[in-house]
Amino acid sequence: MAEHNYVGKIGEDLARKYLEENGYKILEQNYKTKYAEIDLVAEKSAKFLGKSTLVFVEVRTKVGEQWGSPEDTINKAKLWKVLQNAKSYAAFKKWQGAERIDAICIVLKPDYSVVRLTHHENIIA
């Protein structure tokens, strides 16, 4: 496995664990659509209204930030692709509730331990 694929897998596993620990129910991991792939699809229940939000999560992982942050890799083209994936998934599943797109950006040390994990909610408003 190429290192960038290995780093990506580590990041997705860390993001999944983080979301589960924060009350998200993971519905899909690496869900493929005709547009590309959705890293994580999760459901987050509202505390008071009893309604759920479908959350599409783009995971970006880098070893170090000397060549830029993981956030720097999320450009307009990537956001468009994520949005198309989300629309396709929600339509296929006949989802009727709220939806949002989040990003989880992870920076690792060379030994793959975590420097930071940042959860950006609702990145496309």
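Observations on the model:
- Other-chain or far-sequence residues with amide H under 5 Å of Glu99's (modelled H): Leu54
- Listed by Cβ neighbour count within 10 Å, with the fewest neighbours leading, His119, His4 appear as His4, His119.
- Loop exposure criterion: trypsin sites (Lys or Arg not before Pro), DSSP state outside H, G, I, E and B, at most 11 other Cβ atoms within 10 Å. Applied to the chain, the longest stretch between such sites is 52-93.
- Taking all C-alpha pairs of the stretch 3-120, those more than 22 Å from each other amount to 34 percent.
- Listed values for the stretch 106-115 are Karplus-derived 3J(HN,Hα) couplings in whole Hz (6.51 cos²θ - 1.76 cosθ + 1.60, θ = phi - 60°), namely 10, 10, 10, 7, x, 8, 6, 7, 7, 8, and x replaces Gly and Pro.
- Helices in the chain, meaning DSSP H runs of at least 4 residues, each add -39500 (n - 2.57). Divided by all residues, the mean residue ellipticity at 222 nm is -10000 deg cm²/dmol.
- Ranked list, fewest to most other Cβ atoms within 10 Å of each Cβ, for Ile38, Ile123: Ile123, Ile38
- Once the mean of 1/r is taken over each pair of separate Cα atoms and inverted, the stretch 18-57 shows a Kirkwood hydrodynamic radius of 10.8 Å.
- Remark on Val63: its backbone amide H falls under 5 Å from those of Leu108, a criterion applied only to residues 5 or more positions apart or on other chains, H modelled at 1.01 Å from N.
- Residue pairs exceeding 21 angstrom between C-alpha atoms, taken from Lys17/Lys87; Lys32/Lys94; Lys25/Lys62; Lys47/Lys93; Lys34/Lys87; Lys25/Lys51: Lys17/Lys87; Lys25/Lys62; Lys47/Lys93.
- Sequence-ordered 3J(HN,Hα) estimates for the stretch 74-82 from the Karplus curve with 6.51, -1.76 and 1.60 and θ = phi - 60° stand at 9, 9, 4, 5, 5, 4, 4, 5, 4 Hz, glycine and proline given as x.
- Net charge of the neighbourhood of Asn122, taken over other residues with C-beta under 9 Å away and scored Lys/Arg +1, Asp/Glu -1, is -1.
Coordinate-derived values only; no laboratory data. Bear in mind that the values here come from a model prediction, so they are computed numbers and not experimental data. Every residue, glycine as well, gets a Cβ built from its backbone with ideal geometry; the counts of neighbours run over all protein chains shown.
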